[in-house]
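The values are calculated or read from the model by the stated rules, or taken from the named source; none is laboratory data. Since the model is a prediction, treat every value here as computed from it, not as a measurement. Virtual Cβ from ideal backbone geometry, glycine too; neighbours counted across all protein chains shown. Only protein heavy atoms, including side chains, enter the accessible area calculation; ligands, DNA and RNA are left aside. Shrake-Rupley method; radii C 1.70, N 1.55, O 1.52, S 1.80 Å.
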Amino acid sequence: VHLVESGGGLVQAGGSLRLSCTASGITSTTNVMGWYRQAPGEQRELVASIGSPGGLGADYGEAVKGRFTISRDNAKNTLYLQMNSLKPEDTARYFCARGLGGAVDAWGQGTLITVSS
């Protein structure tokens, strides 16, 4: 599977962005998908994850709960991350991934989000 993120950019604090991640190749609607981020000098962290319809629901990291929403459109093989009330500390490169933790078997190249204060 090949994952491609889009939607990154520069935004002022308090603003919103929506990231997209389109999958191509051998895809499955049952895979758990996740968004991760990595700030300079920091470890990559899980931002949000979502299971297949009828399976695992959405889960969020504490830092983004109530501000970010993960969703997926299986018909379009696309994963989304709606980010609201952005903060400077949300500045990072955001990656989509298939699987979680040690079970990730595919990563996108990442898209950079910069939140100015």
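Please list, ordered by chain and number, the residues whose modelled amide H lies under 5 Å from the amide H of G15; skip anything fewer than 5 residues away on the same chain.
Excluding prolines and chain starts, which carry no amide H, the hits are L86.
Efficiency by 1/(1 + (r/R0)^6): what FRET value for S85 and T27, r their Cβ-Cβ distance, R0 = 25 Å, to the nearest 0.05?
0.20
If contacts are Cα pairs under 8 angstrom and at least 6 residues apart, what is the relative contact order of segment 39-98 in percent?
Relative contact order here is 26 percent.
Averaged per residue, what accessible area in Å² does the chain show with a 1.4 Å probe, protein chains only?
51 Å²
So what are the ³J(HN,Hα) numbers for segment 4-15, from phi and the Karplus equation (6.51, -1.76, 1.60; θ = phi - 60°), rounded to whole Hz, Gly and Pro as x?
Those phi angles translate into 10, 8, 8, x, x, x, 9, 9, 7, 4, x, x Hz.
Any chance you could check the Cα centroid distance between segment 35-65 and segment 98-117 for me, in angstrom?
What the calculation gives is 9 Å, centre to centre.
Between L56 and R44, what is the spin-label point distance in nm, taking each point 7 Å from the Cα along the Cα→C-beta axis?
1.6 nm
In whole percent, and with a 1.4 Å probe on the protein chains, what portion of the accessible area of the chain is carbon and sulfur?
So the carbon and sulfur contribution to the accessible surface is 50 percent.
Using each residue's phi in segment 100-117, evaluate 6.51 cos²θ - 1.76 cosθ + 1.60 at θ = phi - 60° and report the 3J(HN,Hα) Karplus result to the nearest Hz, with x for Gly and Pro.
With coefficients 6.51, -1.76 and 1.60, one gets 10, x, x, 9, 5, 10, 7, 10, x, 7, x, 9, 8, 10, 10, 10, 8, 8 Hz.
Among rounded, prolate and oblate, which fits segment 1-59 when a ≥ b ≥ c are the square roots of the eigenvalues of its C-alpha gyration tensor, a/c under 1.5 means rounded, and a/b larger than b/c means prolate?
Judged from the Cα gyration tensor, segment 1-59 comes out prolate (a/c at least 1.5, a/b above b/c).
Just to check I understand the Karplus step: with θ = phi - 60° and J = 6.51 cos²θ - 1.76 cosθ + 1.60, what whole-Hz values come out for segment 68-75, glycine and proline as x?
So the Karplus estimates, Gly and Pro as x, are 10, 9, 9, 8, 9, 10, 5, 5 Hz.
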